[in-house]
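Engineer: The structure's right below; bear with me while I get my questions together.
Readers should treat all values here as calculations from the given coordinates under stated rules, not as data from a laboratory. The shown structure was predicted, so the numbers you read here are calculated from the model rather than taken from an experiment. We place every Cβ from the backbone using ideal geometry, glycine too, and count neighbours over all the protein chains shown.
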Amino acid sequence: MLIINCPYCGERPEIEFRYGGEAHIARPADPSALSDAEWTDFLYNRTNPKGKHAERWRHIHGCGRYFNAVRDTVSDFFVTTYKTGEARPDIEESAR
Amino acid sequence: MSEAARVSGPDLGHGHPYPGVSLAALAEGSKPSASASLKLLPATARLVFRGREAAIGPAGEAFGVALPREACRFNTNGTRSVLWLGPDEWILLAPGEGPAPLFAAIETATAGLPHALVDVSSRSVAFDLSGPKAGFVLNQGNPLDLSLDAFPVGMCTRTVFAKSEIVLRRTAPDSFVVDVWRSFAPYVWQLLEEARRGA
Amino acid sequence: MTGAFRTASGGRIDRSKPVAFTFDGQHLSGFSGDTLASALIANGIHLTGRSFKYHRPRGILSAGTDEPNALVGVGRDEAHYAPNLRATQVELYEGLKAESQNRWPSLKFDAGAVNDLASPLLPSGFYYKTFMWPAKAWTKFYEPKIRAMAGLGRAPEAPDADRYSQHYAHCDVLVVGSGPAGLAAALAAAASGVKVMLVDEQPEMGGSLLASRDASIDGKPAQQWLADALAELSAADNVTLMTRTTAFGYFPHNMIALAERVTEHVAVPDPELPRERLWQVRAKEVVLATGALERPLVFPDNDRPGVMLADSGRTYANRYGAKPGKRAVIFTACDAGYRSALDLAAAGVEIAAIADLRRNPAGELPAKALAAGIEVRPSTAVTGTSGRLRVSGAALTKMGEYDFGATQQIACDVLLMSGGFTPSVHLFSQSRGKLAFDPVLNCYVPGTSVERERSAGASRGLFELGAALEDGYAKGADAAKAAKGAKAPARAFAAQAPRLGTDGHIGATPHNRNPAFAKAFVDWQNDVTAKDIKLATREGFRSIEHIKRYTTTGMATDQGKTSNMNALGIVSDALKTPVPQIGLTTFRPPFTPTTFGIFAGAARGELFDPARQTAIHGWAAEQGAIFEDVGNWKRALYFPRGNEGMHEAVARECRAVRSAVGIFDASTLGKIEIVGPDAAEFMNRMYTNAWAKLEPGRLRYGVMLREDGFVMDDGVVGRMAPDRFHVTTTTGGAPRVLAHMEDYLQTEWPDLDVWLTSTTEQWSVIAVQGPLARQVLRPLLEGIDLSKEAMPHMSVREGTILGIPTRVFSVSFTGELGFEVNVPSEHGRKVWEAIYASGQKFGITPYGTETMHVLRAEKGYIIVGQETDGTATPDDVNLGWAVGKAKKDFVGKRALARASMSAPDRKQLVGLFTVEPQTVLEEGAQVVADPKAPVPVPMLGHVTSSYHSSVLGRSIALAVIKGGRGRIGQKLFVPMPDRVIEVEVTEPVFYDPKGERFDV
């Protein structure tokens, strides 16, 4: 069971959280302006990287907030967590 | 049910009898213990307050207890308490009171300020779990570090107990209050009783 | 009988407390402090089991978790029976009943032993090769036969009567293992003031110190030092000591799983205590002091009862006062064999000879053995043993430079072997740490860590006592510093113990026997010989993972504790490849077998899952309601009267609602209160409908889509005030809908001033449905005018009932006039009973979910999840009218604009009438145009709902059919296994299509 650092509540066990998919995919302001291909891209296509992944989590059995995390998909360790709306931190060094 | 009974009895479809469990009966049958006692708390007015910055102060003033701004902490004044549940979410507790006058007072104080106030008095029930082994009992379904350093008196949080969500707060070094949605209450109560055995 | 093989004195057993027990019905006696294995040995019994495949007689090989042979079933009755326990770990208690396994009719005469004679027919992978044909015979014949012959213990036949509990715990430093390194680590961490847990699988702390005879620490005998160290740790209030506790799994982020055996060793357990506790410990830092396992030597006939690991033989003598035999031969590749010889000699066992594989054993211990007059034979291998149920002699063969010399038979009743020690790196490996090969010790040691842990002492190859203590202390101090920045005082240990050196052996030992017949076992538990492994390499297997699976070496409960390194050595030899290039198989949790009970904990029977009950549940149960599970909810399915079955009861309930009035508990509906100045705007974005013009006091049926345009949920929504909506969701959808809304609100539109609060459990919802509903409710309500002028269909009003605040909806899911009374759930039952009493004179009838389903199907109302399957658009299920086409955007709108979402051949909701009106279709049945079409018959769709309708006197069904609306009036077919049912496609509204009954 992972330990996840909620930006509001601090470190909590994974069981209190729910995963929310890749982060920083904003819903288009005017979806009707998008072509089918662009819409498909927004709806379905994800980066699925090997390594650092910016993703959404929700502290659903805690403060209820969605937030973002950078997790290394190889090691399963979190590099950082940050509040929704904040920019993805520029992180290069490896996770521990 | 035996195979024979199933053949001769009525067709139950995909159903089954289920007498159910009464929380009141469970509470009545609970034996106190020196290590950890479990008690059903009386009815409480519960209001969820959510809102923007401007409404937070007036809401606390109207209720008579300031809304805590520190994460996972609660404030108490007399019998009333306010629990921080999220950065814009609090639950206001007034044991033994009716929700309507409180609701009206807070709505008046916050009129025109963006907020939401919802009466959830009936949504949950609360148990008191007290005794030197209270943390040991809770840790049989709750994964948090309940040592006094990590979970001091005055701390509260939404969390889990086994397969149920709960709101947990520590009211004294050896006392916790577990607030649990009404339909999950018999489940949580029975597990706490099971956890109390041999504690 | 207290044991002919007891030493005169010594050991950690309590000779003042004899303990009676039985083994295979034989009455025996041991002492408190014995394990089953030590008590058997003290009684001269080595034969304890039959092997897995060949049914060869097997004895006690070790004294610990690595025991592959002595697996027994223990339990006072079937409900407390545990199979496959290692006798080396079963603590003796008064009246213990143990039995051997995998033998018939008896341990001494086992019919299955013919397998041993047939062993040339049972090479590795034999089942892949032999039982090939016919394929059907596998399940019918081969597999049952193989399972009956090969196997270990039997599963108990009664449900497990024991209790198990589960616990979470936290600490700064967790030390696993309480041998010299673990103790020293705990002392360091304790002295630095951090919160320490020290766990050990054995009944006593101390590890190897418990078997020490002549070592000393800080000038004290080792066992005295141990007692002092434990006293020091016990006195510290920042230290928790846990014995009988196995760390069996290392999970991410330093979560370590412990199995604590609480009552297993007690004759009459306290019923308030669980048999076992599962501890999930989150440690800031971990010290792994898991010690090392002795390696057996792989020589012909090395599996005869009486052949043991040398250090285990020493443990029995020193710790348990149990002599493993009267006359011992030692076969060794390292100095540890000499230590065992010296200790056994001191215990009164005659040492016949020491056969040493090495040419020139020159350490401190060999010198002592020579000085003690023990015969030492260098460059000598044991090349065979004799005896049937117990070893009676060993063949010692001198090894020359190029060939074998003379062989001499030496009589003995115990043969001790030592190939050196293998660090126990299981937990380290589970933590995903990378192992490194130590070419000096010929074994793997912990290399690069991934988690916040460090290994100490023998678990990383430091086998000497002094080195282990110093390393342990340093690692404990390091862990405390890493956890909390705490500093441990400096401490040195003056340890005196004979040096063990670094020699050892892996792989098979040389022998001069016919290789076709010699059985030199590598893996005792899985009956794998050196020959089997060589065969696998000859057949082309190269990867150690493949060899493991083909030969089964290192599999099952044993997980290669004794066999891994020797198997690697044999493969290395056969493939002429260095060991580190061959790799190592993965160590998996659990470290030792763990009960199912501990994983279940209290989650059994009624407490397996929450059984959610509404406030009205007790009333329904008292009325004899039959319930169904809907998610975790218990919902009344129907209310049988007398001997009614479901169909009669449902028909009666349906008639009551259509002709008079029914009462239904709808409390499980999900409810969300949406409040704030931007509430209407938020509703506009989340639902397909338009909300801006809905006046306070009115209701609207809302449809929610996912972003991909498919129906996700539906429900009736009441506007309580300009800034307040009372939203209902499906019973199962409540948490999902709230999470979906929170997602958009928090992450896409945080600027909206609106908040969501779950009120599902705040309200009991009492549906009163039927033409007489108004008469039933009117006398009870205060402040609400129920007349159709004041409160038309789809309105909401606030008032009181019995003085309790209520929100009353005029809404119908039945097609009849209807109301839903919402009251705070603490008053739900009281209000329900009042309404029921008021309805008596109108024949009010309680009804359940089955009747609700029939009534709504007669009206063609969908149930999300029954008529929809996650690929239905609103138009597919005739809800196109609910989509606000003028709205610029809502969740799912863009997806609906894709061409395929309005294709004419989409599956559309229609009704079906069976041509034979009393035939009720099966839900899920496929619908086709031509049942005689060649296979595969094109499928047009399927039946989603199907009932007998009492008001229509015939069956009705809803179905989703390709281009269904264009097929109304057509005949289609529903093929079933025994017949084909002809159906006619109809409109999906079967009853009161104009909706005139809402306004009676």
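Engineer: Using per-residue counts of other Cβ atoms within 10 Å, averaged over each peptide, order C:912-923, C:728-739 from highest down.
Structural biologist: By packing density, highest mean first, the sequence is C:728-739, C:912-923.
Engineer: Which order do the peptides C:667-674, A:1-8 come out in when sorted by mean C-beta neighbours inside 10 angstrom, highest first?
Structural biologist: C:667-674, A:1-8
Engineer: When a/c is below 1.5 the answer is rounded, else prolate if a/b is larger than b/c, else oblate, so apply that to the protein assembly as shown with a ≥ b ≥ c taken from the square roots of the Cα gyration tensor eigenvalues.
Structural biologist: It comes out prolate by the Cα gyration axes.
Engineer: Work from the charge dipole of chain A (Cβ charges, +1 for Lys and Arg, -1 for Asp and Glu, about the Cα centre) and give the residue of A:77, A:4, A:53 farthest towards its positive end.
Structural biologist: Result: A:4.
Engineer: Additional query: If Lys and Arg each add +1 and Asp and Glu each add -1, what is the summed charge of the other residues whose beta carbon sits under 14 Å from the beta carbon of residue C:572?
Structural biologist: Summing Lys and Arg as +1 and Asp and Glu as -1 gives +2.
Engineer: Under the rule a/c < 1.5 gives rounded, and otherwise a/b versus b/c splits prolate from oblate, where does the range C:296-419 land using the Cα gyration tensor?
Structural biologist: oblate
Engineer: Starting from 0.36 nm per residue, how many nanometres of slack lie between residue C:899 and residue C:915 once their C-alpha separation is accounted for?
Structural biologist: Stretched out fully, the residue C:899 to residue C:915 stretch lengthens by 2.2 nm.
Engineer: Hey, quick one: spin label on residue A:3, modelled 7 Å out along Cα-Cβ, who in the range A:70-92 has an amide N within reach, i.e. under 15 Å?
Structural biologist: Hits in the range A:70-92 for residue A:3 at 15 Å: A:77-81.
Engineer: I need the Kirkwood Rh of the range B:125-199: take the reciprocal of the average 1/r across all distinct C-alpha pairs and report it in angstrom.
Structural biologist: Answer for the range B:125-199: a Kirkwood hydrodynamic radius of 12.1 Å.
Engineer: Go ahead and run the numbers for FRET between residue A:86 and residue B:25, Cβ-Cβ distance against an R0 of 51 Å, rounding to 0.05.
Structural biologist: 0.50
Engineer: Okay, moving on. Mind checking the range C:400-472 for trypsin sites (Lys or Arg not before Pro) that DSSP puts in a loop (not H, G, I, E or B) and that have at most 16 other Cβ atoms within 10 Å?
Structural biologist: Hits after loop and neighbour filter: C:432, C:452.
Engineer: Given the rule -39500 (n - 2.57) for each run of at least 4 DSSP H residues, summed and divided by the residues of the protein assembly as shown, what is its mean residue ellipticity at 222 nm, to the nearest 500 deg cm²/dmol?
Structural biologist: The helix-only estimate for the protein assembly as shown comes to -6000 deg cm²/dmol at 222 nm.
Engineer: I've got another one for you. Specify which residue in the list C:296, C:216, C:263 is farthest towards the positive end of the charge dipole of the protein assembly as shown, using unit charges on the beta carbon of Lys, Arg (+1) and Asp, Glu (-1), about the Cα centre.
Structural biologist: So the residue we want is C:296.
Engineer: Here's something else I'd like to know. So for the range C:771-896, Kirkwood radius off the Cα pairs, Stokes-Einstein at 25 °C and 0.890 mPa s: how many µm² s⁻¹?
Structural biologist: 144 µm²/s
Engineer: List the cysteines in chain A whose Cβ has no other cysteine Cβ under 4.7 Å from it.
Structural biologist: A:63
Engineer: Rounded, prolate or oblate for the range C:670-759? Axes are the square roots of the Cα gyration tensor eigenvalues, ordered a ≥ b ≥ c, and the cut-off for rounded is a/c under 1.5.
Structural biologist: Because its axes are fairly even, with a/c under 1.5, the range C:670-759 counts as rounded.
Engineer: Continuing with this model, one more query. Work out Dmax and Rg for the range C:14-126 from the C-alpha atoms and quote the Rg first, both in angstrom.
Structural biologist: For the range C:14-126, the Cα radius of gyration and maximum Cα-Cα distance read 15.0, 53 Å.
Engineer: OK, next. In terms of Cα to Cα distance under 17 Å, which lysines are near enough to residue C:859, apart from those fewer than 8 places away along the same chain?
Structural biologist: C:994
Engineer: Could you size up the charge dipole of chain C around its Cα centre, putting +1 on the beta carbon of Lys and Arg and -1 on that of Asp and Glu, and report it in debye to the nearest 20?
Structural biologist: So the magnitude is around 2000 debye.
Engineer: Which number comes out as Rg/Rh for the range B:29-132 once both Rg and the Kirkwood Rh are worked out on C-alpha atoms?
Structural biologist: Rounded to two decimals, Rg/Rh equals 1.04.
Engineer: With just the Cα atoms defining each centre, how far is the range C:179-222 from the range C:751-809? Give it in Å.
Structural biologist: 70 Å
Engineer: Sticking with this structure for a sec: Averaged across the residues of C:665-676, what count of C-beta atoms belonging to other chains lies within 10 Å of each residue's C-beta?
Structural biologist: Rounded to a whole number, the mean comes out at 2.
Engineer: OK, next. How crowded by other chains is A:40-49, given as the mean number of beta carbons from other chains within 10 Å of each beta carbon?
Structural biologist: 1
Engineer: Related question: Considering the zone a paramagnetic label at residue B:175 would reach in this model (a point 7 Å from Cα along the Cα-to-Cβ line), which residues of the range B:39-65 have amide N under 15 Å from it?
Structural biologist: Of the residues in the range B:39-65, B:39-42 have backbone N under 15 Å from the label point off residue B:175.
Engineer: Quick one: putting +1 on the C-beta of Lys and Arg, -1 on the C-beta of Asp and Glu, what dipole do you get for the protein assembly as shown around its Cα centre, in Debye to the nearest 20?
Structural biologist: Once rounded to the nearest 20, the dipole reads 2160 debye.
Engineer: Let me ask something else. Rank by packing, highest mean first: peptides C:608-619, C:863-874, A:34-45, with packing defined as the count of other Cβ atoms within 10 Å averaged across residues.
Structural biologist: C:608-619, C:863-874, A:34-45
Engineer: Taking the Cα centre of the range B:4-124 as the origin, how large is its charge dipole in debye, to the nearest 20, when only Lys and Arg (+1) and Asp and Glu (-1) carry charge on their Cβ atoms?
Structural biologist: 340 debye
Engineer: Testing the spin-label approximation: label points 7 Å from Cα along Cα→Cβ at residue B:153 and residue B:35. State their distance in nm.
Structural biologist: Computed distance between label sites residue B:153 and residue B:35 equals 2.4 nm.
Engineer: With unit charges on the beta carbons (Lys and Arg positive, Asp and Glu negative) and the dipole taken about the Cα centre of the range C:903-999, which residue among C:986, C:913, C:937 sits farthest to the positive side?
Structural biologist: Of the candidates, C:937 comes out farthest on the positive side.
Engineer: Spelling out what I want: for every residue of the range C:866-877, take phi, set θ = phi - 60°, compute 6.51 cos²θ - 1.76 cosθ + 1.60 (Karplus), and round to whole Hz; glycine and proline get x.
Structural biologist: 10, 7, 10, 9, x, 10, 9, 7, x, 5, 4, 10
Engineer: Which three lengths, in whole Å and largest first, does chain A cover when its Cα atoms are put on their principal axes?
Structural biologist: That works out to 42, 29, 22 Å along the principal axes.
Engineer: Could I ask something else about it? Can you list the lysines whose alpha carbon is less than 23 Å from that of residue C:484, not counting same-chain residues fewer than 8 positions off?
Structural biologist: C:195, C:284, C:475
Engineer: Summing Lys, Arg as +1 and Asp, Glu as -1, what charge do residues with Cβ under 13 Å from the Cβ of residue C:787 carry, residue C:787 excluded?
Structural biologist: +1
Engineer: Now, a different point. In chain C, how does Rg compare with the Kirkwood Rh, expressed as the Rg/Rh ratio over alpha carbon atoms?
Structural biologist: In chain C, Rg relative to Rh is 1.12.
Engineer: What lysines does residue C:323 reach when the alpha-carbon gap must be under 28 Å and sequence neighbours fewer than 8 apart in one chain are set aside?
Structural biologist: Within reach: C:17, C:97, C:108, C:220, C:368, C:519, C:561.
Engineer: Given points 7 Å out from each Cα along the Cα-Cβ axis, report the residue C:655 to residue C:842 separation in nanometres with one decimal.
Structural biologist: 2.0 nm
Engineer: Ignore the peptide's own chain and count Cβ atoms of other chains within 10 Å of each Cβ in C:987-994; give me the average, rounded.
Structural biologist: If you average over the peptide's residues, the count of other-chain Cβ atoms is 0.
Engineer: Restricting to bridges with both residues inside chain C, how much of the DSSP beta-bridge set is antiparallel, in percent to the nearest 5?
Structural biologist: Counting DSSP beta bridges with both partners in chain C, the antiparallel share is about 75 percent.
Engineer: Taking the Cβ-Cβ separation of residue A:73 and residue C:235 as r and a Förster radius of 56 Å, what is the calculated FRET efficiency to the nearest 0.05?
Structural biologist: E(calc), rounded to 0.05, equals 0.75.
Engineer: List the chymotrypsin sites (Phe, Trp or Tyr not before Pro) within the range C:323-428 that fall in a DSSP loop (any state other than H, G, I, E or B) and whose Cβ has at most 15 other Cβ atoms within 10 Å.
Structural biologist: Here the sparse-neighbourhood loop sites are C:402.
Engineer: What FRET efficiency comes out for the pair residue C:516/residue C:360, r = Cβ-Cβ distance, R0 = 25 Å, nearest 0.05?
Structural biologist: Calculated value: 0.15.
Engineer: For Cα pairs less than 8 Å apart in space and 6+ apart in sequence, what is the mean separation divided by the residue count of the range C:241-342, i.e. the relative contact order in percent?
Structural biologist: Reported as a whole number, the value is 17 percent.
Engineer: Within the range C:856-926, report the trypsin sites (Lys or Arg not before Pro) that DSSP leaves as loop and that have at most 10 other Cβ atoms within 10 Å.
Structural biologist: Answer by residue number: C:885.
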